[in-house]
Amino acid sequence: MVRIIAALIAASILWPAPAALAASACRPTRDGKDRIEPVGGCPSGYHMRGACCESFKVMSQPSSAVKTCPAGTVPNLGACVARK
């Protein structure tokens, strides 16, 4: 009886794991293209690639590098602008 209860508890803990793994299968690509799960097909701007819809265009990535601007200017939205 204890084994049956232990098996049921273990099954209830492990059962959602495959669903969670499948949900995270469509992640952005290394080259910056967005990937989403298809829902009845891919929306415009996306094409089917494997089990996911992949965007045609690369997503804009914010620059994580610290930009050094010349004297008298400050960085603003990725460009150097005159200091006010």
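The values are calculated or read from the model by the stated rules, or taken from the named source; none is laboratory data. Remember, it's a predicted structure, so these values are computed and weren't measured experimentally. Glycine gets a Cβ as well: all are built from the backbone with ideal geometry, and neighbour counts include every protein chain shown.
Structure notes:
- Qualifying residue in the stretch 24-42 (condition: at pLDDT below 80 and out of contact with any strand residue (DSSP E or B) (no Cβ under 7 Å at 6 or more places or on another chain)): yes
- The number of residues in the stretch 51-61 that are modelled with pLDDT under 90 and in a loop (DSSP other than H, G, I, E, B) comes to 3.
- The residue of the stretch 62-80 that is farthest from Asp31 (Cα to Cα), among those that are modelled with pLDDT of 75 or more and touching a strand residue (DSSP E or B) at 6+ places or on another chain (Cβ under 6 Å), is Thr73.
- Annotation note: Cβ proximity below 9 Å between a residue of the stretch 40-57 that is among the small types (Gly, Ala, Ser) and a residue that is part of a strand (DSSP E or B) and surrounded by fewer than 17 Cβ atoms within 10 Å (Cβ to Cβ) (sequence gap 6+ or interchain) occurs for Gly41/Met48; Gly45/Phe56; Gly45/Lys57; Ser55/Lys33; Ser55/Ile36; Ser55/His47.
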